[in-house]
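Enquirer: Here it is, the structure in full.
The values are calculated or read from the model by the stated rules, or taken from the named source; none is laboratory data. Because the structure is a prediction, the values reported are computed rather than measured. Neighbour counts are summed over all protein chains in view; Cβ atoms, including those assigned to glycine, are modelled from backbone coordinates with ideal geometry. Ligands, DNA and RNA are stripped out before the accessible areas are found, and what is left, the full protein with its side chains, is counted by its heavy atoms. Shrake-Rupley method; radii C 1.70, N 1.55, O 1.52, S 1.80 Å.
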Amino acid sequence: MRYNERELLSLARQPAEKAAEILMRVPKKGSVLKKRLVKLVVNFLFYFRTDEAEPIGALLLEHCRITKEEENVFSISFIEEPERKYCFECDSEEQCLEWIEALKRASYEFMRRSLIFYRNEIQKMTGKDPLEQYGISEEARFQLGTHKQ
Amino acid sequence: MKLNERSVAHYATCDSPADHAGFLRKRVERHHHHATSYQRRWFVLKGNLLFYFEERESREPLGLVVLEGCTVELCEATEEFAFAIRFDDAGARAYVLVADGQAAMEAWVKALSRASFDYMRLVVKELEKQLEEACKSLAACRKSPRKSSSSGRKRHLSNPALLPLQEKPAILENGYSTWGSGGGVPGGAACPDRDGGHAKPPPLPPRRRLATGSTAGSPVPSFSPAMPESPVSLATVCFSKLHSWYGQEIAVLRREWQERQKRGHP
């Protein structure tokens, strides 16, 4: 699959939602925990060698599962391959839980659902559709219930 | 730079809802070549990602355009109904796309201009704020006595009018809602709670279902005492908190529903 790496590299340089040096292990045979600079930007998690300006890799955080593992540790896996886990060992349990929360909220799909939820609640409470002012109330992606293209 | 391509491709092709889809002709960028040519591709927009496929039925995307840090504009091309995705990063190449007609072009430009994560985030934050304000003003007006199941605990925001559980998909994984009806069912589709077999209204949130508290008339069996207290109060309506908090109850409900399904209930 082609993708414009340049765009991703540029995105990796944007201000991060969250960034920290964390021990990381990729789901590859024989891989070990390595210290990485991990940076959350929109729905991508970039990871860098700590002394490099360009990331080694990026994870798109859609349709993924963030799991609390043992103490200080969480993992990211993807729907179609739940056993393949990217593991992250934090400095503290607190840091671990913060990252889990941030990553769970970091998907576009999560935001879409939030929006639909809020829209519906506001409509119920005020009788008005809050999306009308944005001119996006008819968009399929914001409809409650069956989401048809 | 590595990317979790398999997962990305899976996201592109799975049945989670696309925000927009259609055929577009994509300009082929050839250097040192004077004649421009276009290739017809099937485009699918999901969130801030624009995928393109060789054919509509292709099982894997040919490519992906990440729609961050870009603008979408009509462009001066020899082709009619052409528009371009241009990136703030000056050196990045633009994507020139051609739609089938005026309406298609406008629809694409509109969808793509609003596809960025930041745009979504902005709208969500704004709605969150509006909801908080609506709650506050509603609370100020409301004088009805509150049935409190335990002392001092703040009320969940919407009291009896709470969004029924079936309108919130069982969010167990990030961005992938599963109702147990097999695969990624988008929010609300084939909601099991809507079926005719369950005549009772959806249960209210489990704030009352701590080990000590229980409310008469709760239609749903109580959960394990380990269920945490609702973190939500009128002042802190926050979807993410509600989300993780409900997620636990929904997991239990889902299991129960699945068991009932196995036993042949409608």
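Enquirer: Wholly within the range B:1-85, which strands (runs of 3 or more DSSP E) include no fewer than the required count, namely at least 2 residues that are among the small types (Gly, Ala, Ser), within 14 Å of chain A (Cβ to nearest Cβ) and within 27 Å of the chain's Cα centre (by Cα)?
Expert: B:20-28
Enquirer: Say whether the condition of being open to solvent by 60 Å² or more (accessible area, probe 1.4 Å) and hydroxyl-bearing (Ser, Thr, Tyr) is met by at least one residue in the range B:30-48.
Expert: Yes, some residue in the range B:30-48 is open to solvent by 60 Å² or more (accessible area, probe 1.4 Å) and hydroxyl-bearing (Ser, Thr, Tyr).
Enquirer: Against the conditions (1) outside any strand (DSSP E or B); (2) open to solvent by 10 Å² or more (accessible area, probe 1.4 Å); (3) touching a residue at least 12 places away in the same chain (Cβ under 8 Å), where does A:Lys28 fall short? Just the number, please.
Expert: For A:Lys28, the failing item is (3).
Enquirer: Could you please find all residues in the range A:65-91 being part of a loop (DSSP other than H, G, I, E, B) and at the interface with chain B (Cβ under 7 Å from one of its Cβ atoms)?
Expert: A:Ile79, A:Glu80
Enquirer: Please go through (1) within 19 Å of the chain's Cα centre (by Cα); (2) open to solvent by 50 Å² or more (accessible area, probe 1.4 Å); (3) over 19 Å from A:Lys85 (Cβ atoms); (4) facing another protein chain (nearest Cβ under 7 Å) for A:Met1 and return the number of the only condition it doesn't satisfy.
Expert: (1)
Enquirer: Next question. Just one of (1) at the interface with chain B (Cβ under 7 Å from one of its Cβ atoms); (2) open to solvent by 10 Å² or more (accessible area, probe 1.4 Å); (3) within 30 Å of A:Ser31 (Cα to Cα) trips up A:Glu62, so point out which.
Expert: Failing condition for A:Glu62: (2).
Enquirer: Here is a further query. Considering the range B:86-113 alone, what residues qualify as being crowded, with 19+ Cβ neighbours inside 10 Å, facing another protein chain (nearest Cβ under 10 Å) and not in a strand (DSSP E or B)?
Expert: Residue satisfying the conditions is B:Ala111 alone.
Enquirer: What number of residues in the range A:113-129 are in contact (Cβ under 8 Å) with a residue 12 or more places away in the chain and either open to solvent by 10 Å² or more (accessible area, probe 1.4 Å) or among the polar types (S, T, N, Q) (or both)?
Expert: Qualifying residue count, the range A:113-129: 3.
Enquirer: Please give the number of the condition A:Leu23 fails out of (1) more than 12 Å from chain B (Cβ to nearest Cβ); (2) surrounded by fewer than 21 Cβ atoms within 10 Å (Cβ to Cβ); (3) not in a strand (DSSP E or B).
Expert: Condition (3) is where A:Leu23 drops out.
Enquirer: Further question: What do you reckon, is B:Val98 of a type in the set (A, V, I, L, M, F, W, C) and modelled with pLDDT under 90?
Expert: no
Enquirer: Which number in (1) more than 8 Å from chain B (Cβ to nearest Cβ); (2) at pLDDT below 95 marks the one condition that A:Glu109 misses?
Expert: Here A:Glu109 clears every test but (1).
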